[in-house]
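One structure is given here, and the rest of the page talks about it.
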Amino acid sequence: MTTFTDWDIVRNLLLAARWTLLLSLAAFIGGGVLTIPLMLMRLSRRRWLKLGIRAYSNLFQGTPLLMQLFLAFFGLALFGIDVSPWLAAALALTLFTSAFLVDIWCGSIDALPKGQWEASRCLGLGFGQTLLRVMAPQAIRIAIAPTVGFSVQVIKGTALASIIGFIELTKAGAMLTNVTFQPFKVFGLVALGYFLMCYPLSHFSHYLEKKFHATDNH
Amino acid sequence: MPLITINRVQKYYGQNHVLKGIDLDIDQGEVVSIIGRSGSGKSTLLRCINGLEGYQEGSIKLGGMTVTNRESQAREISRSIGMVFQSFNLFPHMTALQNVMLAPRRVLGIKAAECRELAELMLNKVGLGDRLDYYPANLSGGQQQRVAIARALAMDPKVLLCDEITSALDPELVGEVLKVLEKLAAEGMTLILVTHEMNFARDIGDRIVFMHQGKIWEQGESHQLFAQPQTAELKQFIASVRGLGDN
């Protein structure tokens, strides 16, 4: 039986952390891209589209991420669609991310004065032009801090993907515990790994919040 | 033929009957002030004229076009009607120049260099030639409102609607905005003003329209209307407005 040195543990965790980062990145980018059409639908004047998007975000916000992962992994398999843990995790996390981002982004646009829409309309700017040139530049300042803050939730959320067998940081920790019998040390290192990924983002989010808050009140 | 023809316009907000059959014609080059208590429907009428609000019955015609609040019509309306708001509604992330340039550039498709020239001309016209690169946050209320006027004028509208545009200003800043309107009136611009500045309405306007309870209660030539109000409601309104006649 091979023995694991501390370096072996750290090395394996670092290798697995790449997958945590990659999954987070995929979920965040996928979620961001998916949010754009969702946001347009929710900002549209068609009531059933608005309600549909609201139902979508309520559904994903109101159910545990773990259930969403199970449904993506086992549920799709029931329909004969064979999904890998990676694909299921990326899919579930993308949907989960977009359900929150659509709220953050639309909320940021709704927070702007209604007069901005009216002035744009009176000048003859269309919906797309108004969104792109008038609303978005202002809304981004409001949205950026909560968006970066939410990315922390996504990173931590990837830990659940370990349960459907995707080997990322948490799963690697569980496997290393099984061979080393040192759960405290291993999971301590796992926690440290998450902290090192999340803390800079939280800090950055606070920084952005302060920065934009300060410039709003000049 | 009048520039704007408003014919028996009725508007409801749910059960609330806000405009009860408005008939009003406005000629090219005319300056019309709409006065009345808050809630009399004067701002709503203005917002119907430029399609920001819809109405249930009657018609509002401008040139050959019937104005509605359909979004697809907004672009066409913007070529004829300019609007200045009480709350300025400048775009805070753009400089004065960029605020004025945006619509000519993106709606009319005028080349950037020409838009810049046009915007400079408009800002000069409102006396802000030295504030081109200022952001709204660094301008006074009066200056912001003048940028808003320049922004509306840059689309070369046939008529300019002003919705209580001095109401949000500190008293000492009102004059500079009214001066711009006087200048526009003198140049022959068609103006429709909803205003609480009674002295100004009397002196700048050709005609004053007094609205009460969703109707045009009384209207007439400016000085005469104030000197000889016919209805009890207008008499009461004039009496309740401080400062009228102090000059």
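The values are calculated or read from the model by the stated rules, or taken from the named source; none is laboratory data. Model, not experiment: these values are computed from the prediction. Quick reminder, even Gly has a Cβ in these numbers, built from the backbone with ideal geometry, and neighbours come from all protein chains shown.
When A:THR35, A:THR20 are checked against the criterion of being within 21 Å of A:THR177 (Cβ to Cβ), in contact (Cβ under 8 Å) with a residue 60 or more places away in the chain and hydroxyl-bearing (Ser, Thr, Tyr), a single residue qualifies: A:THR20. Within region B:17-74, being acidic (Asp, Glu) and part of a strand (DSSP E or B) holds for B:ASP23, B:ASP25, B:GLU57.
Out of all the residues in region B:151-174, which are more than 18 Å from B:GLY82 (Cβ to Cβ) and touching a residue at least 24 places away in the same chain (Cβ under 8 Å)? Walk me through it before giving the result.
Step one: filter region B:151-174 for residues more than 18 Å from B:GLY82 (Cβ to Cβ), giving B:167-174.
Residues satisfying the conditions are B:SER167, B:ALA168, B:LEU169, B:ASP170, B:LEU173, B:VAL174.
Regarding region B:64-72, can at least one residue be identified that is within 22 Å of B:ALA168 (Cβ to Cβ) and more than 9 Å from chain A (Cβ to nearest Cβ)? There is no residue in region B:64-72 that is within 22 Å of B:ALA168 (Cβ to Cβ) and more than 9 Å from chain A (Cβ to nearest Cβ).
Look through A:ARG47, A:ARG42 and report the one residue that is buried (at least 18 other Cβ atoms within 10 Å of the Cβ) and of a type in the set (D, E, K, R). Break it down stepwise before answering.
Details: A:ARG47 fails: buried (at least 18 other Cβ atoms within 10 Å of the Cβ).
Exactly one of A:ARG47, A:ARG42 is buried (at least 18 other Cβ atoms within 10 Å of the Cβ) and of a type in the set (D, E, K, R), namely A:ARG42.
The residues on offer are A:THR130, A:THR177, A:THR158, and the sole one that is under 20 Å from A:LEU65 (Cα atoms) and not charged (D, E, K, R) is A:THR158. Only one of the numbered conditions (1) exposed (fewer than 15 other Cβ atoms within 10 Å of the Cβ); (2) within 14 Å of chain B (Cβ to nearest Cβ) is not met by A:PHE195, and that is (2).
Would you check which residues across region B:197-247 are of a type in the set (Asp, Glu) and either modelled with pLDDT of 90 or more or under 19 Å from the mean Cα position of the chain (by Cα) (or both) and list them?
Hits for region B:197-247 are B:GLU197, B:ASP203, B:ASP206, B:GLU218, B:GLU221, B:GLU233.
Residues that are within 14 Å of another protein chain (Cβ to nearest Cβ), charged (D, E, K, R) and touching a Leu at 6+ places or on another chain (Cβ under 8 Å) within region B:105-157 comprise B:ARG106, B:ARG151, listed in sequence order. Residues in region B:90-107 that are part of a loop (DSSP other than H, G, I, E, B) and touching a Ser or Thr at 6+ places or on another chain (Cβ under 9 Å): B:PHE91, B:VAL107. Every listed requirement among (1) among the β-branched types (Val, Ile, Thr); (2) closer than 21 Å to A:TRP19 by Cβ; (3) surrounded by fewer than 18 Cβ atoms within 10 Å (Cβ to Cβ) is met by A:THR63 save one, (2).
Mind checking which residues of region B:85-97 are within 10 Å of another protein chain (Cβ to nearest Cβ) and free of Cβ contacts under 8 Å to residues at least 60 places away in the same chain?
Residues of region B:85-97 that are within 10 Å of another protein chain (Cβ to nearest Cβ), as a first pass: B:85-94.
B:ASN89, B:PHE91, B:PRO92, B:HIS93, B:MET94 - these are the residues of region B:85-97 that are within 10 Å of another protein chain (Cβ to nearest Cβ) and free of Cβ contacts under 8 Å to residues at least 60 places away in the same chain.
Does B:GLU114 fit the bill of being in contact with a helix residue (DSSP H, G or I) (Cβ under 9 Å, 6 or more places away or on another chain) and in a loop (DSSP other than H, G, I, E, B)? So B:GLU114 does not fit the description; no. Looking only at residues of region A:96-115 that are within 14 Å of another protein chain (Cβ to nearest Cβ) and small (Gly, Ala, Ser), we find that the one that is surrounded by the fewest Cβ atoms within 10 Å (Cβ to Cβ) is A:ALA111.
For B:GLY82, the conditions (1) at pLDDT 95 or above; (2) facing chain A (nearest Cβ under 8 Å); (3) within 21 Å of B:VAL18 (Cβ to Cβ) all hold with the exception of (3).
Residue by residue through region B:182-196, note down the ones that are closer than 20 Å to B:GLN219 by Cβ and modelled with pLDDT of 90 or more. I'd like the intermediate steps shown before the answer.
If we filter region B:182-196 for residues that are closer than 20 Å to B:GLN219 by Cβ, which is where we start, we get B:185, B:190-196.
Selection gives B:ALA185, B:THR190, B:LEU191, B:ILE192, B:LEU193, B:VAL194, B:THR195.
All conditions in (1) in contact with a Lys or Arg (Cβ under 9 Å, 6 or more places away or on another chain); (2) surrounded by 20 or more Cβ atoms within 10 Å (Cβ to Cβ); (3) within 14 Å of chain B (Cβ to nearest Cβ); (4) in a helix (DSSP H, G or I) hold for A:VAL134, with the sole exception of (1). As a summary of the residue check, B:ASP27 satisfies the conditions (1) surrounded by fewer than 22 Cβ atoms within 10 Å (Cβ to Cβ); (2) under 14 Å from B:ARG8 (Cβ atoms) except for the one numbered (2). Buried (at least 19 other Cβ atoms within 10 Å of the Cβ), modelled with pLDDT under 95 and either touching a Leu at 6+ places or on another chain (Cβ under 6 Å) or within 22 Å of A:VAL134 (Cα to Cα) (or both): is that true of A:ALA72 in this structure? Yes; evaluated as a whole, the condition is true for this residue. Checked against (1) modelled with pLDDT of 95 or more; (2) within 14 Å of another protein chain (Cβ to nearest Cβ), B:LEU24 passes all but condition (2).
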